[in-house]
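What follows is a single structure, written as structure tokens, with notes after it.
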Amino acid sequence: DTEVTQTPKHLVMGMTNKKSLKCEQHMGHRAMYWYKQKAKKPPELMFVYSYEKLSINESVPSRFSPECPNSSLLNLHLHALQPEDSALYLCASSQDSGGRIDTQYFGPGTRLTVL
Amino acid sequence: AQKVTQAQTEISVVEKEDVTLDCVYETRDTTYYLFWYKQPPSGELVFLIRRNSFDEQNEISGRYSWNFQKSTSSFNFTITASQVVDSAVYFCALSGIKNNFNKFYFGSGTKLNVKP
């Protein structure tokens, strides 16, 4: 079962709010990813977790804070966002990320609007 | 440098027509994988196929077929007898190892409109 779930589907928040995006997979994958996708653009990698440790941060502003509580869950904490952060946020997982190439399976995404 | 080019920004066809989506890639790696993903309006990126650099066999899955040619660095995707449900944005991606992790390089995507 290649399924990655994400909640919420839609989120509207003000620039002073704090919110979190959640991602879950039960495929036993050990690598999880956050991507940001603006309209009519490809996904852009934000963070990679491998075996519950942050291994890649693609120079993402600190107002985005990832967290991996266990091997199945990935959160993205949002604080003091800007309107330009409005986008589709996609979570993905793969069997592994270290030293081998694996298929990444994506969730349905959270459409975030920052007012 | 790794790069994927999808020169076709948008294609419109009428149902039952065949359509080919082009993908050209650049890499200096000898081991790499190529992928196609479909993104319908709902937003989820759906995995379609993966091909490794050592396997140039073409693949057919129902109405979908893929043509991988290392000589021209291309990995094209053909939909035969297109249907309205094929309407989506299609992304070609190249995967390699960067800093010991699996990094995807996406093309800019091709939006396919299939009209009834």
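Can you tell me which residue among B:20, B:78, B:30 is farther than 24 Å from residue A:88 by Cβ, polar (S, T, N, Q) and at pLDDT below 95? Exactly one residue qualifies, and that residue is B:30.
Within the range B:1-30, the set of residues being in contact (Cβ under 8 Å) with a residue 40 or more places away in the chain, among the β-branched types (Val, Ile, Thr) and over 19 Å from residue B:81 (Cβ atoms) comprises B:4, B:5, B:9, B:24, B:27. Residues that are assigned to a loop (DSSP other than H, G, I, E, B) and aliphatic (A, V, I, L, M) within the range B:4-41 comprise just one, B:7.
What's the number of the condition residue A:53 fails, among (1) within 14 Å of chain B (Cβ to nearest Cβ); (2) touching a Gly at 6+ places or on another chain (Cβ under 9 Å)? Evaluating residue A:53 over (1) within 14 Å of chain B (Cβ to nearest Cβ); (2) touching a Gly at 6+ places or on another chain (Cβ under 9 Å) leaves (2) as the failure. The set of residues from the range B:29-50 being within 13 Å of the chain's Cα centre (by Cα) and either exposed (fewer than 13 other Cβ atoms within 10 Å of the Cβ) or within 16 Å of residue A:100 (Cβ to Cβ) (or both) comprises B:33, B:34, B:35, B:50. Identification of strands (runs of 3 or more DSSP E) wholly contained in the range A:5-77 with 1 or more residues that are more than 15 Å from residue A:112 (Cβ to Cβ) yields A:18-25, A:31-37, A:44-50, A:53-57, A:64-70.
Give all pairs with beta carbons closer than 6 Å in which a residue from the range B:95-106 that is touching a residue at least 60 places away in the same chain (Cβ under 8 Å) and more than 7 Å from chain A (Cβ to nearest Cβ) meets a residue that is buried (at least 19 other Cβ atoms within 10 Å of the Cβ) and part of a strand (DSSP E or B); count only pairs at least 6 apart in sequence or on separate chains. Note: pairs meeting the criteria are B:105/B:4; B:105/B:94. For the range A:29-53, the tally of residues that are touching a residue at least 60 places away in the same chain (Cβ under 8 Å), over 10 Å from the mean Cα position of the chain (by Cα) and within 21 Å of residue A:72 (Cβ to Cβ) stands at 3. Residue count for the range A:69-99 satisfying the condition of being more than 7 Å from every other protein chain (Cβ to nearest Cβ), over 21 Å from residue B:46 (Cα atoms) and touching a strand residue (DSSP E or B) at 6+ places or on another chain (Cβ under 9 Å): 14.
Does any residue of the range B:54-66 turn out to be surrounded by fewer than 19 Cβ atoms within 10 Å (Cβ to Cβ), within 14 Å of chain A (Cβ to nearest Cβ) and modelled with pLDDT under 95? Within the range B:54-66 (the criterion being surrounded by fewer than 19 Cβ atoms within 10 Å (Cβ to Cβ), within 14 Å of chain A (Cβ to nearest Cβ) and modelled with pLDDT under 95), the answer is yes, since at least one residue qualifies.
The values are calculated or read from the model by the stated rules, or taken from the named source; none is laboratory data. Owing to the predicted nature of the structure, the values given are computational and were not obtained by experimental measurement. Reconstructed Cβ throughout: ideal geometry from the backbone, glycine too, with neighbour counts over all protein chains shown.
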